[in-house]
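One structure is given below, encoded as structure tokens.
The values are calculated or read from the model by the stated rules, or taken from the named source; none is laboratory data. Because the structure is a prediction, the values reported are computed rather than measured. Here the Cβ positions follow ideal geometry from the backbone for every residue, glycine too, while neighbour counts run over all protein chains shown. For the accessible areas, the whole protein counts, side chains as well, though only heavy atoms, and no ligand, DNA or RNA atoms are used. Shrake-Rupley method; radii C 1.70, N 1.55, O 1.52, S 1.80 Å.
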Amino acid sequence: MNSVGQPFAERRATRIVILGGGPAGLYCGLLLKKANPGLQVDIFERNAANVTYGWGVVFSDRTLASFQRADYKTYTQITEQFVIWDSIDVRYRGETIRCGGHVIAAIERRRLLNILQERCAELGVGLHFGVDVSSLADLPMSDLVIAADGVNSFVRREHEELFKPQIEPGKAKYIWLGADKVLDAFNFIFHDTKHGLFQVHAYPFSGTSSTFIVECEEETWQRAGLDSAGEAASLAFCAGLLKDDLNGATLLSNNSRWINFPTLKTRRWHGEIDGHRVALMGDAAHTAHFSIGAGTKLAMEDAIALATALEQYGDIEHALDEYELERKPVVDTFQRAAQESRTYFETLKRYLVLPPMQFAFQLLTRSGRITYDDLHFRDVRFGDRVDSWFALSSRVSADGVRSSEGDLAAPQYAPPPMFAPLQLRGVTLHNRVVFPVMPGALDSGDSDSFLQQQINVIAQGGYGLALTPICAVSPEGRITTDDTGLYDRERRAMWAVFVRDVHGKSAAKVCVQLGHAGRRGATEPRSQGLDRLLREGGWELLSASAFPYTRKSRVPKEISRREMDALRDYFVQSAVAAHEAGFDMLQLNFAQGYLLASFLSPLTNCRRDEYGGSLEARARFPLEVFDAVRAVWPASKPLSVALSATDYVEGGSTVEDAVVVAGWLKERGCDLINVLAGQTTPAGEAPFGRGFLTPLSDRVRNEAGIKTMVGGYLTNSNDMNTILAAGRGDLCVVSPR
């Protein structure tokens with residue numbers, strides 16, 4: 001209820017109070033007053049009018065269009081003060097790599113506030129500086145209180161039960177500094193010191209100055225003694241660190257301190273508190289990591305949306321609902337991108353093995369908002385340099401031996417990364433695109449026609465590699481009755497014909513995938529549904545432990561050591577048969593809940609012998625199978641493993657586990673990891689979506705130092721080229737349409 005007893009849902013606002021005189025609060029105040037001159041608007045700010053912290057504020061060209069529509073006068077004043085650039089420089093390993101086409105503008109934060117303050121005063125907004133409000137009771141009665149008092153908002157903090165905030169502190173430390181130096185581009189600067197890696201985000205914001213944000217891991221910060229350094233000592237350290245980059249310029253501080261960036265999300269953005277209708281705005285409701293330059297942008301766009309909603313709708317409650325419904329999805333999208341970007345910079349040391357060009361491309365595409373096609377469109381020259389570098393790094397000599405980059409000249413024309421060759425031992429794939437041969441009625445009378453259809457697709461599509469579905473190493477290793485394998489003469493002959501015809505009709509190589517269904521076996525054909533128990537017949541199932549896959553599945557037998565010996569020999573026999581059938585490459589399936597995967601996951605392996613317990617013990621038998629197959633598989637042919645990178649279940653296998661296992665496999669002669677995920681148990685909930693496996697592949701590839709194959713609903717060249725050029729994978733499995 002308001003002061004005259006009217007419910008909030010039955011009236012328009014006549015007086016609005018705004019807490020916080022930052023860009024969001026000031027902009028919202030002037031927009032509200034401009035739309036309704038009779039509305040009383042008061043802004044309360046604890047600092048003096050000319051006091052602010054920080055340096056420059058960054059805006060994208062899209063934001064400017066919304067400012068122009070919202071208030072043309074401030075738009076003109078702001079843009080007249082802008083420093084605009086369209087290039088990003090990546091300074092890494094002594095090289096500077098420039099990419100253009102990134103239209104970004106910046107303005108001094110103090111100047112932005114002055115423009116907004118002057119416009120508020122002109123329109124009749126009440127400005128109250130130096131007022132430290134600590135309770136809603138200290139405010140005059142109003143129809144609406146807008147809390148724009150920043151990430152440390154007392155309104156949100158004291159009423160968490162209403163707004164339900166979640167704050168996740170960043171893992172890295174950063175300090176926000178300035179310099180009396182004018183840069184001509186946004187600079188990402190990387191210095192690997194004796195203490196660890198320091199990274200810098202630097203950009204111009206006026207005709208005389210630039211922002212320098214210095215960031216590092218907490219361990220690096222501690223080793224450098226910065227945990228006990230005050231403002232002056234921190235400034236001196238950073239000045240020494242950036243001596244060559246500053247080139248004589250002075251580094252500046254403004255109450256600058258090392259902090260962790262807090263990512264804030266709130267479930268609700270408005271509600272009623274002690275008779276006050278309150279709405280959160282800007283950093284009081286949400287934050288986005290500074291590496292995507294969206295904090296002030298999002299806050300001022302909140303102001304536009306809230307002011308517009310209050311103008312358009314006849315009651316406050318409806319307006320606040322519309323404001324939240326409009327802005328929350330937009331902010332969520334930016335926060336997801338910011339989270340990807342923040343995580344990238346917090347774990348950036350895994351990418352220090354990348355060459356400068358690939359490192360720069362990886363950095364520019366880190367959040368997923370910019371892709372290979374985007375960069376080609378923004379800067380054709382940069383895109384061509386990426387293609388040339390990738391082609392050069394992928395080039396192989398006539399005898400199939402990869403040449404060193406120093407011995408080769410850059411090609412005059414370079415195809416996109418997906419069309420670059422890949423050398424795996426003695427096998428050269430003529431491009432990086434993998435076609436997954438679809439499971440079908442391979443054991444039925446239509447098997448020949450089905451395989452011929454698949455061969456035609458491979459030939460017409462020009463794929464570099466064809467990957468078979470899982471071929472069982474024994475009849476009891478089948479998933480369904482329709483599955484095939486290499487365990488008898490007829491099936492070996494069928495696959496030999498398949499390989500011969502693929503080679504005869506295309507340049508593609510063929511990889512056979514060997515596996516054993518384990519507890520996921522003896523089910524109806526997949527066309528009848530997933531993991532549905534056979535209605536008739538069936539066979540004994542084996543698994544690491546005696547747990548059924550679903551509540552309706554057969555209970556498997558815990559595999560004994562004698563049965564493990566027999567299973568290992570089945571894999572060896574099938575590997576020999578695969579070589580005789582002419583396959584170019586072999587992949588062992590350690591993924592998605594099948595038999596060998598059941599040893600790796602703590603969800604499916606509760607053994608008390610030497611094959612259960614720690615990750616090392618759980619991996620013992622799968623690694624034994626790998627070693628036995630590697631011993632018989634020709635050294636000239638690559639050997640791959642399909643590995644689940646995560647179970648997507650609390651207490652299950654994690655990507656950290658996958659990195660360790662991938663490292664062990666690499667040491668034993670594994671050439672490639674096919675990164676898969678989930679399906680270890682039906683409880684696993686994968687975030688299915690385009691490219692959902694890419695972050696997992698990125699981690700396995702760059703932390704374990706092994707090539708990866710990645711799928712996950714990849715349907716277009718842009719996605720695949722982005723993955724390959726950034727070093728997030730080496731082969732891409734196209735998703736069948």
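Pull out the extension gain between residue 550 and residue 388, defined as 0.36 nm times the separation in residues minus the alpha carbon to alpha carbon distance; nm, one decimal.
Full-extension gain reported as 53.3 nm.
Note the per residue figure in Å³ for the convex hull of the C-alpha positions in the stretch 610-653.
Enclosed volume per residue, from the Cα hull, is 72 Å³.
Kindly rank 512-518, 94-100 from highest to lowest mean number of other beta carbons found within 10 Å of each residue.
Highest to lowest by the protection proxy: 512-518, 94-100.
Based on DSSP H runs of at least 4 residues, each adding -39500 (n - 2.57), what is the mean residue ellipticity at 222 nm of the chain after dividing by all its residues, to the nearest 500 deg cm²/dmol?
-11000 deg cm²/dmol
Place the peptides 263-271, 468-476, 242-250, 78-86 in order of packing, highest mean first, counting for every residue the other Cβ atoms within 10 Å and averaging per peptide.
So the peptides 263-271, 468-476, 242-250, 78-86, ranked by packing, come out 468-476, 263-271, 78-86, 242-250.
Quick check: net charge around residue 639, other residues with Cβ under 14 Å of its Cβ, Lys/Arg +1 and Asp/Glu -1?
Local charge sum for residue 639: +3.
State, in angstrom, two size descriptors of the chain derived from its alpha carbons: Rg to one decimal place and Dmax to the nearest whole number.
30.3, 90
I'd like the accessible area for residue 184: 1.4 Å probe, protein heavy atoms, all chains in place, Å² to the nearest 10.
Counting only protein heavy atoms, the figure is 100 Å².
Quick one: which of 33/265; 171/265; 73/297 span more than 21 angstrom between C-alpha atoms?
Check vs 21 Å cut-off fails for 33/265.
What FRET efficiency, computed as 1/(1 + (r/R0)^6) with R0 = 51 Å and r the Cβ-Cβ distance, is obtained for residue 449 and residue 222, rounded to the nearest 0.05?
Once the sixth-power term is evaluated, E becomes 0.15.
Taking 25 °C and 0.890 mPa s as the conditions, I'd like the Stokes-Einstein D for the stretch 590-693 in µm²/s, using the Kirkwood hydrodynamic radius from alpha carbon pairs.
Stokes-Einstein gives a translational diffusion coefficient of 175 µm²/s.
Quick one: Debye curve from the alpha-carbon atoms of the stretch 525-631 only, equal weights, vacuum; give me log10 I(q)/I(0) at q = 0.10, 0.13 Å⁻¹ to two decimals.
So the normalised log intensities work out to -0.33, -0.55.
Determine ³J(HN,Hα), in whole Hz, for all residues of the stretch 70-86 in sequence, where each value follows from phi through the Karplus function 6.51 cos²θ - 1.76 cosθ + 1.60 and θ = phi - 60°; x replaces Gly and Pro.
For the stretch 70-86, the Karplus-derived couplings read 6, 7, 5, 5, 5, 4, 5, 5, 5, 5, 5, 9, 5, 9, 10, 9, 10 Hz, x marking Gly and Pro.
Rounded to the nearest 0.05, what FRET efficiency is calculated for residue 236 and residue 312 with R0 set to 35 Å and r the Cβ-Cβ distance?
0.05
Take the Cα atoms of the stretch 496-544, find their three principal axes, and give me the spread along each one in whole Å, biggest first.
Rounded to whole Å, the extents work out to 41, 27, 17 Å.
For residue 505, which lysines qualify as cross-link partners when the Cα separation must be under 25 Å and same-chain residues fewer than eight apart are set aside?
Cross-link targets: 637.
Might you tell me the accessible area per residue for the chain, computed with a 1.4 Å probe and given in Å²?
For the chain, the solvent-accessible area averages 41 Å² per residue.
Taking all protein chains as present, what is the carbon and sulfur share of the accessible area of the chain, in % to the nearest whole number, probe 1.4 Å?
Its accessible area is 49 percent carbon and sulfur atoms.
Taking the Cα centre of the chain as origin, sum charge times position over the Cβ atoms of Lys and Arg (+1) and Asp and Glu (-1), and report the length of that vector in debye to the nearest 20.
About 1040 debye.
By the gyration tensor of its Cα atoms, with a ≥ b ≥ c the square roots of the eigenvalues, what is the shape of the stretch 119-214: rounded for a/c under 1.5, prolate for a/b over b/c, or oblate?
The shape class here is oblate.
Taking the Cα atoms of the stretch 32-96, what is the range of coordinates along each of the three principal axes, in descending order and whole Å?
The Cα atoms of the stretch 32-96 stretch 60, 30, 16 Å along their principal axes.
What is the distance in Å between the Cα centres of the stretch 333-385 and the stretch 270-296?
When both Cα centres are located, 28 Å separates them.
Quick check: Cα centre of the stretch 520-542 to Cα centre of the stretch 306-331, how many Å?
One Cα centre to the other: 53 Å.
Across every pair of different alpha-carbon atoms, what Kirkwood hydrodynamic radius in Å does the stretch 424-515 reach?
13.5 Å
In whole Å, what is the distance between the alpha-carbon centres of the stretch 169-192 and the stretch 229-252?
11 Å
Can you put 699, 156, 500 in order of accessible area, largest first, using a 1.4 Å probe?
500, 699, 156
Taking a ≥ b ≥ c as the square roots of the Cα gyration tensor eigenvalues, with a/c under 1.5 meaning rounded and otherwise prolate when a/b beats b/c, else oblate, which class fits the stretch 271-380?
prolate
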